[in-house]
1. Say each of Leu57 and Lys6 gets a label point 7 Å from the Cα, pointing the same way as Cα to Cβ; how far apart are those two points in nm?
2. Name the shape class, rounded, prolate or oblate, that the alpha-carbon gyration tensor gives for segment 112-193, where a ≥ b ≥ c are the square roots of its eigenvalues, rounded holds for a/c under 1.5, and otherwise prolate holds if a/b is larger than b/c and oblate otherwise.
3. Quote the relative contact order of segment 113-188 in percent (integer), defining contacts as alpha-carbon pairs under 8 Å separated by 6+ residues.
4. Highest first, please rank the peptides 148-161, 25-38, 113-126 by the mean number of other Cβ atoms sitting within 10 Å of their residues.
5. I want to check a number: in the chain, how many lysine pairs have alpha carbons closer than 29 Å, given a sequence separation of 8 or more or different chains?
6. For the chain, what is the accessible area per residue in Å², given a 1.4 Å probe and the full set of protein chains?
7. Using Cα atoms only, what is the angle between the long axis of helix 161-178 and the major principal axis of the chain, expressed in degrees (0 to 90) to the nearest 10?
8. Share of segment 1-104's accessible area from carbon and sulfur, percent, 1.4 Å?
Amino acid sequence: MLTLEKARIVMDDFRLSADLSVPKGARVAVLGPSGAGKSTLLSAIAGFVPLSSGRVLWDGAEMPTMPSNRPISMVFQDNNLFPHMTAFENVALGLRANLRLSGAERDRVTGALARVGLDGLSDRKPAQLSGGQIARIALARVLLRDRPLLLLDEPFGALGPALKGEMLALLGELVTETHATLLMVTHAPEDARVIADQVVLVADGVAQPPVPTGEIFDNPPDALRDYLGK
């Protein structure tokens, strides 16, 4: 279980507090108005933004200080790809930062690329790939890292509706296969309905505890109603 225990983030005039838990295996959409702190919340869980007070725990144990030691894979809006590296190399970073792979590890990278539909494209660099293919590279790397907690910060925001639908379906399959706990920031309520069984609403300086997706949309609180324009 992921727990934010009386967590508080203070940066200049920005304030965000969170006191919540997310069960293992849950799929959680993080919704709220722009500037409310959705991305900051994920970055704090990942260890990139320090807490001013409180704790982040996984399975009852406090998370390590170093982000690299946390049981987390995170995909940012730009998909974390290096433009000078090939698709194979970008995915292989999920195994070894120095890219010195054994034969078995190279097979794992090739298999991950094939799993996300990029078989035969391993030698291409990001500039030679479409937006959807770039997103697939990021998911292939996540698949290889095999961490129990997956954080995504609007990874499909630049994609058109049909392609975004494909990527959400693929993400759902990968989460099911890896049994990962998913938190995904999105500005699109329809994405939450597709991928998430729970929603964390971030508004007015607070990240609220997760609520079942159907329940929060059927009876939206005022902050969500304002965000949705209802």
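1. Here the answer is 1.2 nm between the modelled labels.
2. Numbers: a/c = 1.91, a/b = 1.17, b/c = 1.63.
It is oblate, given that a/c is not under 1.5 and a/b is not larger than b/c.
3. Numbers: 62 pairs, mean separation 26.2, N = 76.
Over segment 113-188, the number comes to 35 percent.
4. Numbers: 148-161: 19.3, 25-38: 20.9, 113-126: 16.5.
Result, highest mean first: 25-38, 148-161, 113-126.
5. Values: Lys6/Lys24; Lys6/Lys38; Lys24/Lys38; Lys24/Lys164; Lys38/Lys164; Lys38/Lys230; Lys125/Lys164; Lys164/Lys230.
Counting lysine pairs in the chain gives 8.
6. On a per-residue basis, 47 Å².
7. 90 degrees
8. Details: 2600 of 5050 Å².
Answer for segment 1-104: carbon and sulfur cover 51 percent of the accessible area.
The values are calculated or read from the model by the stated rules, or taken from the named source; none is laboratory data. The shown structure was predicted, so the numbers you read here are calculated from the model rather than taken from an experiment. Ideal geometry is used to build each Cβ from the backbone, glycine not excepted, and the neighbour counts take in all protein chains shown. These accessible areas exclude ligands, DNA and RNA; they are computed on the full protein's heavy atoms, side chains included. Shrake-Rupley method; radii C 1.70, N 1.55, O 1.52, S 1.80 Å.
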